[in-house]
1. Apply the Karplus curve 6.51 cos²θ - 1.76 cosθ + 1.60, θ = phi - 60°, to the phi angles in the range 63-75 and return the couplings in whole Hz, x for Gly and Pro.
2. Please list the three semi-axes, largest first and in whole Å, of the ellipsoid equivalent to the chain, using sqrt of 5 times the eigenvalues of its alpha carbon gyration tensor.
3. What part of the accessible area of the range 114-172, given as a whole %, is carbon or sulfur when the probe is 1.4 angstrom?
4. Using θ = phi - 60° and the Karplus form 6.51 cos²θ - 1.76 cosθ + 1.60, what ³J(HN,Hα) does each residue of the range 14-19 get, whole Hz, x for Gly and Pro?
5. Compare 73, 129, 82 in a GNM of the chain, Cα atoms joined below 10 Å, and give the one with the largest fluctuation.
6. Taking all protein chains as present, what is the carbon and sulfur share of the accessible area of the range 49-108, in % to the nearest whole number, probe 1.4 Å?
7. With contacts defined as alpha carbon pairs under 8 Å and 6 or more residues apart, what's the relative contact order of the chain in percent?
8. Report the extension gain between residue 9 and residue 27 in nm, rounded to one decimal, defined as 0.36 nm multiplied by the number of residues separating them, less their alpha carbon distance.
Amino acid sequence: MRRKITVFLIIVICFLLQSTLFQAWSLASVSPNLLVVVTSAFGFMRGRKEGMWIGFFSGLLLDIFFGNVLGFYALVCMYIGYVNGFFRKRFFPEDIKLPIILISVSDLAYNLLVYLFLFLLRSRFRIFYYFVHIMLPELIYTIGVTVFLYFILLKINQKLEAVERRSASKFV
């Protein structure tokens, strides 16, 4: 129960930061996608199932407050969390290369899917413009924020796992 409450608070805090503070600090009119960072990080730290659920609730928040279609962002983020969960066995907490690569690929995939389903299907074919002016700046900004946010999420996850191990040892 403690994990669920903590993860819920992380999702809400990152959503609020993404939609308020980082909107005010936007560079080149883009802001980092903190919910993709949280979804990806918990996906490869905790596995496919938890990554999928965290992605679903993160995307659902985006759908409720910013989406035109209920469920689109939830589905995209759910897939991102699920796919990142496949890398759980290759994840080592002290190595930052894999998280940076996975979060970068996740952010790029997120933006490509948004372009494909929200712009391309409405006959807006300026993918090069969208890539240069939206995707790349957001990717760079997200990677910069990831360096700090990842270590915070890692420490929170390690503390939660330590508490879960202690409470599980009481019942054995």
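The values are calculated or read from the model by the stated rules, or taken from the named source; none is laboratory data. All values derive from a computational prediction rather than experimental measurement. Using ideal geometry, Cβ is built from the backbone for each residue, glycine included, and neighbour counts are taken over all protein chains shown. Keep in mind that these areas ignore ligands, DNA and RNA; they rest on the heavy atoms of the full protein, side chains included. Shrake-Rupley method; radii C 1.70, N 1.55, O 1.52, S 1.80 Å.
1. So the Karplus estimates, Gly and Pro as x, are 4, 5, 8, 10, x, 8, 10, 6, x, 5, 5, 4, 5 Hz.
2. Equivalent-ellipsoid dimensions as semi-axes: 29, 16, 15 Å.
3. Its accessible area is 73 percent carbon and sulfur atoms.
4. Ordered by residue, 3J(HN,Hα) equals 5, 4, 5, 5, 5, 8 Hz.
5. Result for the chain, Cα springs under 10 Å: 129 fluctuates most.
6. Its accessible area is 71 percent carbon and sulfur atoms.
7. It rounds to 23 percent for the chain.
8. Working it through step by step, the gained length comes to 3.8 nm.
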